[in-house]
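First comes the structure, then the notes that go with it.
The values are calculated or read from the model by the stated rules, or taken from the named source; none is laboratory data. For clarity, every value in this text was computed on a predicted model and none was experimentally measured. For neighbour counting, all protein chains shown are included, and Cβ atoms are generated from backbone atoms with ideal geometry for every residue, glycine included. Surface accessibility is based on the protein's heavy atoms, side chains included, excluding ligands, DNA and RNA. Shrake-Rupley method; radii C 1.70, N 1.55, O 1.52, S 1.80 Å.
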Amino acid sequence: QVQLVESGGGLVQPGGSLRLSCAASVNINSIYVMGWFRQAPGKQRDMVATSTIGGTTNYADSVTGRFTISRDNAKNTVYLQMKSLKPEDTAVYYCMTAYSSIPTMKQISAWGQGTQVTVSS
């Protein structure tokens, strides 16, 4: 079972940037899909971005053009670069592995513990 450890969350002002990191315990060249979900208080957990082993990326409409997902195979790490952050981006962000590039919850094979992102002035 792969272990995922997120880092990089914190408090940022609206319009600011953050980069989240997700370090995997295995060679990520063996993982078909890695990505990020987020969950705001009182809301369901939703997909933010995914990246396949072949380089295909998918983004939620709400973050397209502002967030960028990338994989560093040498470091076994996936990143989420977030720019132009908005208060509605406030959530716990979870790294995950999956069997599909736009996964349902049942298609998630592993979760990280989550990292809090708060966008507020």
Fill in: Dimensionless Rg/Rh of the stretch 63-121 - Kirkwood Rh, Rg from C-alpha atoms
0.99
Worksheet entry | Heavy-atom accessible surface of the chain: percent carbon and sulfur, 1.4 Å | 48
Worksheet item: Amide H to amide H, which residues 5 or more places from K86 or on other chains are under 5 Å from it, using H placed in the peptide plane?
Response: G15
Fill in: Candidates per trypsin sites (Lys or Arg not before Pro) in the stretch 50-112, loop by DSSP, up to 16 other Cβ within 10 Å
R66, K75, K83
Worksheet item: So how much slack lies between A74 and Q13, counting 0.36 nm per residue of separation and subtracting their Cα-Cα distance, in nm?
Response: 18.8 nm
Worksheet entry | Separation in nanometres of the label points that stand 7 Å from Cα toward Cβ, at V26 and T57 | 2.5
Practice prompt. Per residue of the stretch 103-115, in order, report the coupling 6.51 cos²θ - 1.76 cosθ + 1.60 (Karplus, θ = phi - 60°) as ³J(HN,Hα) in whole Hz, putting x for Gly and Pro.
Written response: x, 7, 4, 6, 9, 7, 9, 7, 10, x, 7, x, 9
Worksheet item: In what sequence, highest mean first, do 92-99, 47-54 appear when ranked by Cβ atoms within 10 angstrom?
Response: 92-99, 47-54
Practice prompt. Starting from the Cα coordinates of the chain, work out the convex hull volume and express it per residue in Å³.
Written response: 92
